[in-house]
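Beneath this line is the structure, given in structure tokens, with notes to follow.
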Amino acid sequence: MRERFGLVAMCLGLNVGCVGASRPHVIVGSADKQTKACEEAARTRSSGKTKHSYGNCVPEAWRHVINHKRASEGLPLISEEELLKDGIEGEYLVNRPGQYNHGASSPPEIVKLLASDKYGIVADVKKQTIDDIVAAVLTNRAVSISIHPYHFGSYVDDGWFHEVAVSGIAFDPDGQLDGIVINDSGLGACGLVLSMDDYNKDYYDGALMTVSRDPQW
């Protein structure tokens, strides 16, 4: 399923890095910045990898946003372990060492951690729609979405929920939405283009999205 949007002109008017809709697969938003931030996040993981180390996909979908903000303020970067520790101590993350869901969270809980004095990012949770994802990305707000990650492969079932950051939107030459660009710490993938077919498979009824109130990029 591919949907048509009147958002290419909106993007051009918002000065958020559009290069015109006449070329194939134009990526708009802050994908370049967020892809770099995702790759750099490996340096603040003990593993040195772009893949998260626990079941902490929700906080890791936001850690590169936290560190982008902290870098702009001249503050030290937050490691995966430090964010995990803060989240567990505040009871925003699951504390089950050695279990698959150690460090897991939910959108309502992660916004509480983000809003803490240490991190200072105000975000809202809302029902996930592609229109709202596109609008948020085009205004440089930070976005994460909850999905069933069917793009991982055929072994994924309906009981598995996953969180990814959305950094960009892909349009085709006709101005049709062709996909979204994501950072997926489950795969360790930075700047992965998720086709609309895959997004529609990943989407589930009642899925939520988390969006910063202010631009972060």
Residues N95 and K36, FRET efficiency given R0 of 41 Å [Cβ-Cβ distance, rounded to 0.05]: 0.85
The answer for L194, listing residues at least 5 apart or on another chain whose modeled amide H is closer than 5 Å to its amide H, is I180, V181, I182
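Given the convex hull of the Cα atoms of the stretch 103-150, what is a quarter of its surface area in nm²?
4.3
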Pairs of lysines in the chain (C-alpha under 21 Å apart; 8 or more residues apart or interchain): 17
Exposure-ranked with fewest Cβ neighbours within 10 Å first, H148, H25, H64, H162 stand as H25, H148, H162, H64
Residue order, fewest to most surrounding Cβ atoms within 10 angstrom, among Y204, Y119: Y204, Y119
Whole-Hz ³J(HN,Hα) from phi, Karplus 6.51 cos²θ - 1.76 cosθ + 1.60, for the stretch 41-52, glycine and proline x: 4, 4, 5, 10, 10, 4, 6, x, 10, 7, 8, 5
Expressed in whole Å with the largest first, what are the equivalent ellipsoid semi-axes of the chain derived from the C-alpha gyration tensor as the square root of 5 times each eigenvalue? 27, 20, 15
In the stretch 36-98, the GluC sites (Glu not before Pro) that fall in loop regions by DSSP, at most 16 other Cβ within 10 Å: E73, E91
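Could you work out the Rg to Rh ratio of the stretch 62-143, with Rh taken as the Kirkwood radius (inverse of the mean 1/r over all Cα pairs)?
0.99
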Amide H proximity to A123 below 5 Å, modelled H, separation 5+ or other chain, gives R213
Out of L83, L138, L187, any idea which swings most in a Gaussian network model of the chain, alpha carbons joined below 10 Å? L187
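Bear in mind these aren't lab numbers, they're just calculated from the coordinates by the rules spelled out. The shown structure was predicted, so the numbers you read here are calculated from the model rather than taken from an experiment. Cβ coordinates were reconstructed from backbone atoms using ideal geometry, including for glycine residues, and neighbour counts include every protein chain displayed.
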